[in-house]
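Undergrad: This is the structure, below, for whatever I ask next.
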Amino acid sequence: MKSRLIETCVALLLVAAVFVGVWLTLLKPTKATEQAVVPKPVLSQVARLRIAHIVNPRFVSFNEQQIQQFLVTTQRMTKLHFGIDVEFEWVGRRELGDLVGQIPEAVWNYKQDFIVNPNEMSGSTRKSLDSSLIKVLKTYSSSLADLQSFSQQYLIEPPGRSYQTFANSLTETLLYRQNYWRKVKALDGLPVINQDLFHEWVIWDSLGYGRLDFDVAITNQLVASVESYGMDMHSSLRGGITLGTTSNSTAGELGAFAWVSSFPVLNNHPEIMILRDGQRYDEQQQADYAAALMTHELGHLLLHISHPWGKSSCVMAPMPLLNYSQWYEQLSSEDCPLGSHPLNTPGSVDITYDVIN
């Protein structure tokens, strides 16, 4: 009798163990199983793109005249720099909260692990940020001294003499400027960065896993965040501000979508003015500068062109800090025709994304 009772208990424990094992497996965060590459699009004579205006009512946004200016300038610059005729289909305004709500749960469970809250950062995460920056800095063609000289006026503390001290100073600047947006107020009287996470780049990089009904978008949302992987020098100096991105789109005919933010040209907060060298822009400049950024993203979206770093005449060269006017005025399709540089050539970059199950 005693032996049978023991056998019964053991059997029940085994069943319980199996149940707990299955339960814990189901609770494990979803992981990316592989990386996929967005196929390079086959373009017809005219690229027809659906465009949306993603609006957060907490911030100022482009008016109708600026939207029209933005569209016309983007068409002109895309033709000038890439030889592509673009027709835009205006699909209207989209609420950011609705788009975020369409991100599949499995995707969000995986992606949210990459978000770093500067106010809740561990020492190991801080070391990881510094190490990632060092790796990126060593890939630049400029010398350490030149990088430090360029950055010095924008850093919160001196850059030191080594890659380690420079990376530490960049991270300090990144975290300081990121935290600034948790204090300054939006139109509703609440901090620009609050608890809704709309400022997180990870959110924007995840939107395409939903069923987007547009190919490109302009938004008035500030995207300023810290992620647990390498951030470059300019992004760190900006406080994690991202001006635009091209990411995968599950529902898009091109397999990807592109967006740009108008927040840094529309607002004159002190931290932005520092990075814009104190310049203020009129309404036409605001629209034209945003259009140049969209042209840059269309180079990624339509032609899969990379970043020809240091080639200031190329529209595909990233903007240093927030120097819109200087960057814009240096652009020249004559000095940087398509294909004139290995990284300014169609197909020079792959747009990749995580396959998440």
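Undergrad: Segment 220-357: percent of C-alpha pairs farther apart than 20 Å?
TA: Beyond 20 Å sits 49 percent of the P(r) for segment 220-357.
Undergrad: Filter the chain for me: DSSP H helices, axial length by Cα at least 24 angstrom, mean Kyte-Doolittle hydropathy not below 1.6. List them by residue number.
TA: Sorted by number, the helices that extend far enough and score high enough are 2-27.
Undergrad: Same structure, new question: Can you tell me the dipole magnitude for segment 64-210 around its Cα centre, using point charges on the Cβ only (Lys, Arg +1; Asp, Glu -1), in Debye to the nearest 20?
TA: Approximately 600 debye in magnitude.
Undergrad: Taking every Cα atom in the chain, find the radius of gyration and the maximum pairwise distance Dmax, and write them in Å.
TA: 23.1, 94
Undergrad: I would also like to ask the following. Pick out, from MET319, THR73, TYR176, the residue whose Cα sits farthest towards the positive end of the charge dipole of the chain, with +1 on the Cβ of Lys and Arg and -1 on the Cβ of Asp and Glu.
TA: Of the options given, the answer is TYR176.
Undergrad: Relative to 2.2 N^0.38 Å, what does the C-alpha radius of gyration of segment 122-219 come to as a ratio? Two decimals please.
TA: Ratio of Cα Rg to 2.2 N^0.38 Å: 1.38.
Undergrad: With bins 10 Å wide starting at 0, give me the P(r) of segment 284-357 over every alpha carbon pair, in whole percents.
TA: Per 10 Å bin, starting at zero, the Cα-Cα P(r) for segment 284-357 comes out as 20, 49, 23, 6, 1 percent.
Undergrad: Quickly work out the LYS40-to-ASN109 label distance, labels modelled 7 Å from Cα along the C-beta direction, and quote it in nm with one decimal.
TA: Going by the 7 Å Cα→Cβ label model, 3.7 nm.
Undergrad: Cut-off under 18 Å on the C-alpha distance; same-chain residues fewer than 8 positions from LYS40 excluded. Which aspartates and glutamates are left, in chain and number order?
TA: Within the straight-line cut-off, LYS40 pairs with ASP85, ASP215, GLU253, GLU297, ASP350, ASP354.
Undergrad: In a GNM of the chain with a 10 Å cut-off on Cα contacts, which of VAL37, VAL46, VAL136 has the highest mean-square fluctuation?
TA: Answer for the Gaussian network model of the chain: VAL46.
Undergrad: At 222 nm, what value in deg cm²/dmol follows for the chain if DSSP H runs of at least 4 each add -39500 (n - 2.57) and the sum is divided by all its residues, to the nearest 500?
TA: Counting only the DSSP helices, I get -12500 deg cm²/dmol.
Undergrad: Relative contact order for the chain using alpha-carbon pairs under 8 Å, separation at least 6, rounded to a whole percent?
TA: Worked out over the chain, it gives 24 percent.
Undergrad: Net charge within 12 Å of ASP215 by Cβ-Cβ distance, Lys/Arg positive one each and Asp/Glu negative one each, not counting ASP215 itself?
TA: Every neighbour counted, the sum reads -3.
Undergrad: To check you understand DSSP bridge types, tell me what percent of the beta bridges within the chain (both residues inside) are antiparallel, rounded to 5.
TA: Among the beta bridges of the chain, antiparallel pairing accounts for roughly 45 percent.
Undergrad: Just how large is the dipole of the chain about the Cα centre, in debye to the nearest 20, putting +1 at every Lys and Arg Cβ and -1 at every Asp and Glu Cβ?
TA: That gives the chain a dipole magnitude of about 940 debye.
Undergrad: Relative contact order for segment 170-312: what is it in percent, counting Cα pairs under 8 Å that are at least 6 residues apart?
TA: This gives 23 percent for segment 170-312.
Undergrad: According to a simple spin-label model (label point 7 Å from Cα along Cα-to-Cβ), what is the distance in nm between VAL355 and SER162?
TA: Simple spin-label model gives 4.3 nm for this pair.
Undergrad: Separate question: Within segment 232-341, list the GluC sites (Glu not before Pro) lying in a DSSP loop whose Cβ has at most 13 other Cβ atoms in a 10 Å radius.
TA: Hits after loop and neighbour filter: GLU253, GLU334.
Undergrad: What is the sum of charges, Lys and Arg at +1 and Asp and Glu at -1, for the other residues whose Cβ falls under 14 Å from the Cβ of LEU170?
TA: Spelling it out: positives minus negatives among the neighbours equals +2.
Undergrad: Cα centroid distance between segment 191-241 and segment 81-116, in Å?
TA: 10
Undergrad: Another one. Just in segment 30-98: which trypsin sites (Lys or Arg not before Pro) are loop by DSSP and have at most 15 other Cβ atoms within 10 Å?
TA: LYS31
Undergrad: Just grab the label-to-label distance for GLN68 and GLU95, each label 7 Å out from Cα along the Cβ direction, in nm (one decimal).
TA: That separation, rounded to one decimal, is 2.9 nm.
Undergrad: Select from segment 251-357 those trypsin sites (Lys or Arg not before Pro) which occupy a DSSP coil region and have at most 15 other Cβ atoms within 10 Å, ordered by residue number.
TA: ARG280
Read the figures in this text as sums done on the coordinates, not as results from a lab. Because the structure is predicted, anything quoted here is derived from the model rather than measured. Ideal geometry is used to build each Cβ from the backbone, glycine not excepted, and the neighbour counts take in all protein chains shown.
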